Each structure stands twice: as structure tokens, then as C-alpha cells.
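Any read-out appearing in this document is the output of simple, stated calculations on the displayed coordinates, not a laboratory observation. Quick caveat, the model's predicted, so the values are computed rather than measured. As a convention, Cβ positions derive from the backbone with ideal geometry for all residues, glycine included, and neighbour counts pool all protein chains shown.
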Ligand code: BTN
């Protein structure tokens, strides 16, 4: 495993992208940073994290996906990997909030940003960016954020945690194709607020209550509305209000 540890960088995802473009890369190359000056979150948001306290890492995975239909399976497998490792530290009440936020109770522990680059030969290189709040204790202005320390009350070694997550992702990636049913099943078993009435907001700002029924294999959220009809939404089309 090739691990590159950086002190400060704009974004570990961007750094890894640059490495790929320079052709200097090995499958499962891991980049970690003590601090990111321009960390990227889902849908154009920013990801901020206190220096030296948390896990900010990117992992390169190649030769797993060869078509875009399986991208959401990969996404689910990565989220399950992170959640399963956290469970092994006895972090309580973990779940995955669609599509891939990592939760403890109703608070967010971390998030995942996967960027897929389709190469000329049709193969896909994935850059898995993981931001996990580990030893940070203060989340001023972020009422729904928490950390492993805040849940467990003990400090966690960041290198141990990073290695465990990479090993788990490697395992799932190498077994993705014969574990698709299991991945889908586990993802649903661990899905935040599945089967419970929850508040949502659509793209036009309409707020409504609905029940999460399912997530399709292409990553759409399927909810049941108050009139009992079903509707499916892509990530950019709906947000869950906490
Ligand atoms: C989210 O919005 O929940 C996803 C956050 C992903 C943040 C991580 S931190 C390491 C990697 N580098 C980035 O710039 N972003 C991801």
C-alpha cells in the first residue's frame, strides 16, 4: 500500500487527481493530510476540519468499476466500510444517511466524496475522499456535527483508523461483483431513518413529510408521500431536513 502523508494541501482529492494525471500512481494509493485549505464536500460544498484532529484522506481505486451502472454499489460499499470500521471501535448508533453520510444518532460523523474519472479505454478510476471527525471536540456553528471522541470519550489513533478503513475498502472493492446483493441489503439495514416519517425539501424549496422506503441500485431515494404515492429523487433533487 502506497501511503502519502501530507501536512497541508488544498484537497487530498485534488492532489490524488494530479497524481493520476502525472501517471505516477499505484492502485490503492492513499493520501492523508493534517489540514486541507480547500477541502471539498458533496455538491460543491466545502469540508472544514480542525488541523491534526481528524481523518482527511483520499484513496485511489482502479480496476474495479468498468461501467457506470455499478457506481452506486461501489458508493454503498465505501459507506459500509467506514461504518463497519466505526462499529468495530464501538461507536454507538451508527448509520448511513443517503447517499453516504456517516452518522451517529442524528449527528454527522463524516462524509464521503467519490469522484469517478472515466479513462479513454472505458475503465474507471475512483478517487474516494473521506472526511471523518475523529478527535475534534468543538463544532461551533455546526449543531448536527459530532466526532468519534464526542461519542466514545476516548482519543483514537488516526493511522490505525485510516489503515482499517483502507483494508475494508480493499476487501469490498475486490469482492464487489459477487457481493452486490449483500451490499444492497446491508446498506438498507443501516440506512438512516428508513421506514420513518421524515421532513424533506425539494429543489423548489417545498417542504414535505415522507417515509424513506428504498434506495434504487442507481442511487435514487424512493420515498412514500403523505398521499401514499411513491416518488424517486436523485441527490441533487431533494434534501433531508434534520
Ligand atoms: C461531504 O460533503 O459530506 C463529503 C465530505 C468529503 C470530505 C473529504 S476530506 C478528504 C477528501 N478531500 C476533499 O477535498 N474532500 C474529501
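List of remarks:
- Considering the stretch 129-237, the qualifying helices (runs of 4 or more DSSP H), each wholly inside and each with 2 or more residues that are within 16 Å of the ligand (Cβ to nearest atom), run over 158-174.
- Hey, residue 121 in contact (Cβ under 8 Å) with a residue 24 or more places away in the chain, assigned to a loop (DSSP other than H, G, I, E, B) and more than 12 Å from the ligand (Cβ to nearest atom) or not: no
- Every residue from the stretch 61-79 that is within 12 Å of the ligand (Cβ to nearest atom) and within 25 Å of residue 8 (Cα to Cα): 78
- The requirement of being within 15 Å of the ligand (Cβ to nearest atom), buried (at least 17 other Cβ atoms within 10 Å of the Cβ), within 18 Å of the chain's Cα centre (by Cα) and without any contact (Cβ under 8 Å) to a residue 40 or more places away in the chain is not satisfied by residue 97.
- Test: residue 115 is surrounded by fewer than 19 Cβ atoms within 10 Å (Cβ to Cβ), outside any loop (DSSP other than H, G, I, E, B) and within 11 Å of the ligand (Cβ to nearest atom): yes
- Scan of the stretch 3-57 for residues that are surrounded by fewer than 19 Cβ atoms within 10 Å (Cβ to Cβ), part of a loop (DSSP other than H, G, I, E, B) and more than 8 Å from the ligand (Cβ to nearest atom), ordered by number: 22, 23, 24, 25, 26, 27, 28, 37, 48, 50, 51, 52
- Test: residue 82 is assigned to a helix (DSSP H, G or I), within 22 Å of residue 139 (Cα to Cα) and more than 8 Å from the ligand (Cβ to nearest atom): yes
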